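Single-structure report; data block below.
Please treat every number below as a calculation from the coordinates, not as lab data. Keep in mind it's a predicted model, so treat the numbers as computed, not measured. Every residue, glycine among them, receives a Cβ derived from its backbone with ideal geometry; neighbour counts consider all protein chains shown.
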Amino acid sequence: MPIRVLDPEVAQKIAAGEVVERPSSAVKELVENALDAGASQVQIEIRSGGLGLIRVADDGEGIPSAEVALAFQRHATSKLSTAADLSSIQTLGFRGEALASIAAVSQIVLYTRHRDEETGASLTLEAGQIVEQKPWAGPRGTAILVRNLFFNVPARLKFLRSATSEAGQIGHLVEQFALGHPEVRFRFVNEGRRVLETPGSGDLREALRQVYGTSIADAMVAIDEESESSHVRIWGLIGPPNLTRANRAGLSFFINRRWINSLSLGYAVEEAYRPALLPGRHPIVALHLELPASDVDCNVHPTKAEVRIVNERQVHGAAHRAVRAALLDVAPLPEVGAPLAPAAWRGAGDWFEQATALPPTDVASPPRPFSIGNGEGVDGAPGAPGPSPLSTGGGEGQGVTPSPFRPTTLRPVGQVQNTYIVAEGAGGVYFIDQHTAHERVLYEEIVAQRNVPDGPSQALLTPVVVPLSAPQRAALEERGEALSRLGFRFEAFGPDAYVLRAVPPRLARADLAGALRDAADVLTGDATAADGTDRLSATLACHGAVRAGDSLTMEEITVLLARLEETDVSRYCPHGRPVVVHLSVTQLERDFHRR
Ligand code: ADP
Ligand code: MG
């Protein structure tokens with residue numbers, strides 16, 4: 001075939017494919033237009049997964065009658081005029097392509113009335129061609145109906161999933177808009193059924209309540225931090241560590257209100273949770289980053305799902321620190337309460353129950369945890385200013401109260417049942433699960449070490465021969481690098497074993513054969529690299545930790561306590577299994593009728 005310039009109609013269709021990949025991409029563009037028009041209410045209605053009908057209606061400023069046809073031309077936009085504008089984009093749209101692209105592959109009717117006009121206009125298009133324009137007398141704002149999307153692109157239709165699955169994607173998208181714009185009232189209707197409706201009050205927690213339900217919304221922790229050095233404000237709601245999901249769908253990030261996919265930002269935030277998350281679990285987060293427009297390049301992705309940030313590492317670092325600080329401030333420590341309240345420190349629901357019991361103001365502005373300077377005994381000292389509203393506020397008669405735990409001096413008292421360490425510290429007595437605590441400490445240390453190339457390694461006096469199955473050997477051969485980085489030295493030994501010659505020093509007392517076998521199993525799994533490394537760290541920590549039932553010397557107890565104190569995650573309770581339980585002086589005094 002000779003080379004020739006394509007018909008405009010064909011070129012349109014090709015270009016449309018980039019922007020409008022599936023029904024949810026059309027919905028995304030239409031809702032963005034509504035938001036750019038300053039809408040305070042946006043209604044989204046779909047049928048047949050968006051393939052039959054998409055209707056997006058807003059109460060925004062509308063399109064002047066004289067410009068309605070222009071809006072459907074490619075690269076026609078009211079949002080920027082010079083190339084310089086590209087470097088400081090304040091709107092969600094700017095490419096001037098969406099309406100043209102959607103129109104090219106569907107049948108459209110647009111109704112609009114501009115705020116300065118008495119009469120609006122309606123415009124009908126078919127496959128990008130204008131069929132007719134008429135005056136239209138309706139309310140201010142814009143409604144756009146997209147029928148039979150991809151009717152003229154049969155190849156695209158074949159690749160789409162079921163209507164249910166497309167509708168699910170659109171639902172997720174609308175939820176993200178709701179979290180990104182709590183000040184806007186969104187309503188999503190699928191097949192005539194109202195699926196989502198947000199109040200548009202401007203309160204992120206209220207929007208989130210409609211998306212995730214009341215109990216989750218109440219448990220979320222508010223954060224709002226400004227980092228002067230990286231020019232970023234970080235605000236939003238983050239879930240407590242025990243409220244997790246098996247995938248990343250609960251992670252929502254917005255940069256200047258734009259919902260973005262960012263693996264690296266997700267990673268930075270999840271890293272803040274890491275010590276408290278089970279491998280393969282992901283938190284629920286709705287996080288807004290606000291940056292100067294000139295620090296963000298939105299023009300790197302056809303559907304604008306990714307952006308580039310100047311100083312990305314610093315910004316992500318700031319997000320990491322903000323989330324981590326908030327978690328440390330609010331993650332409570334189960335406390336031994338009134339004798340009859342054991343349920344409150346039992347299962348995974350604890351954090352949650354306690355968090356929901358907190359007065360909202362406490363959750364919104366969490367107190368600083370106490371430290372050595374002001375921490376001595378204040379928890380129980382009558383009349384002393386409480387260092388922590390969380391533990392002093394609702395204590396009376398409530399039995400169990402969450403209490404921040406960042407002790408800096410724990411004095412060992414002894415061991416109970418060779419399983420629990422008893423220590424005295426700020427404001428009372430601490431009971432520490434020795435296995436869980438040691439596991440936590442080791443986990444943190446391993447995680448801290450794993451990005452250091454060639455971590456410290458301790459040669460074994462007697463190398464350990466470990467018989468391994470074929471898949472285990474294959475895993476070590478292919479992915480054993482992850483273990484070498486942690487300080488393991490090993491090699492194949494005969495046809496069905498490996499010999500272990502050196503291990504990370506902190507694992508010296510582990511069951512080494514078991515650790516290597518389990519590690520190989522973890523590496524065999526189909527986990528993603530990051531999840532795999534996490535599971536590996538968790539497995540090694542578990543193997544390296546002292547067990548319940550191990551008798552410990554006072555010296556060992558002292559060392560473990562010291563390491564626990566250095567581990568600022570000591571009060572997280574992963575799997576809902578507490579590491580530390582606190583019996584306050586107040587409680588003791590009450591029990592002994594000294595108060
Ligand atoms: P972009 O959003 O990149 O400018 P679009 O093709 O999405 O490009 O829209 C073209 C133009 O049509 C916009 O710049 C805007 O002026 C106008 N427009 C589209 N949708 C709306 C709407 N819902 N309300 C008001 N104006 C709109
Ligand atoms: Mg647009």
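Brief remarks on what is shown
- Amide hydrogen neighbours beyond the local backbone of Val195, cut-off 5 Å, H modeled: Phe188, Val189, Asn190
- When you count the other C-beta atoms within 10 angstrom of each residue and take the mean per peptide, 157-168, 482-493 line up highest first as 482-493, 157-168.
- Theoretical FRET efficiency, 1/(1+(r/R0)^6), r = Cβ-Cβ of Glu126 and Val310, R0 45 Å, to 0.05: 0.55
- Per-residue Cβ neighbour rank within 10 angstrom, fewest leading, Ser457, Ser81, Ser469, Ser537: Ser81, Ser469, Ser457, Ser537
- For segment 440-447, 3J(HN,Hα) per residue [Karplus equation, 6.51 cos²θ - 1.76 cosθ + 1.60, θ = phi - 60°, Hz, x = Gly/Pro]: 4, 4, 5, 4, 4, 5, 5, 4
- Computed FRET value (nearest 0.05) for Glu118 with His172, which takes r as the C-beta separation and R₀ as 35 Å: 0.35
- Order of His172, His316 - criterion: other Cβ atoms within 10 Å of each residue's Cβ, fewest first: His172, His316
- With both labels modelled 7 Å from their Cα along Cα-to-Cβ, the Glu491 to Ala15 distance reads 6.3 nm.
- Centre-to-centre, using Cα atoms only, segment 452-521 and segment 281-298 are separated by 40 Å.
- Difference of contour (0.36 nm per residue) and Cα-Cα distance, Glu206 to Ala66: 46.5 nm
- Counting only residues at least eight positions apart within a chain, or on another chain, the lysines with an alpha carbon under 23 Å from that of Lys158 are Lys13, Lys28.
- Cβ-based exposure ranking for Tyr498, Tyr420, Tyr267, in which fewest neighbours within 10 Å come first: Tyr267, Tyr420, Tyr498
- Unit charges at the beta carbon, dipole of segment 220-326: most positive-side option, Ala276, Ala319, His231: Ala276
- Under the Karplus curve 6.51 cos²θ - 1.76 cosθ + 1.60, θ = phi - 60°, whole-Hz ³J(HN,Hα) for segment 555-561, x wherever Gly or Pro sits: 5, 4, 4, 4, 5, 4, 4
- Distant-in-sequence amide H partners of Asp297 (H built 1.01 Å from N, under 5 Å): Arg308, Ile309, Val310
- Inter-label distance for Asn299 and Ala502, nm, one decimal - labels placed 7 Å from Cα along Cα-to-Cβ: 5.3 nm
- Net +/- balance of residues flanking Ala66 in space, Cβ distance below 12 Å, scoring K and R +1, D and E -1: -3
- Among Ser24, Tyr111, Val131 - extreme Cα towards positive end, dipole of segment 1-160, charges at beta-carbon: Ser24
- Under-5 Å amide H pairs with Gln415, H placed in peptide plane, nonlocal only: Val422
- Within the straight-line cut-off of under 15 Å between alpha carbons, the aspartates and glutamates reachable from Lys79 are Glu29, Glu32, Asp36, Glu61, Glu67, Glu97, sequence neighbours fewer than 8 places apart in one chain being disregarded.
- Our coupling estimate for segment 73-79, obtained by passing each phi through the Karplus curve with A = 6.51, B = -1.76, C = 1.60 and θ = phi - 60°, is 7, 5, 6, 9, 8, 9, 9 Hz, Gly and Pro reported as x.
- Computed FRET value (nearest 0.05) for Glu566 with Val465, which takes r as the C-beta separation and R₀ as 30 Å: 0.25
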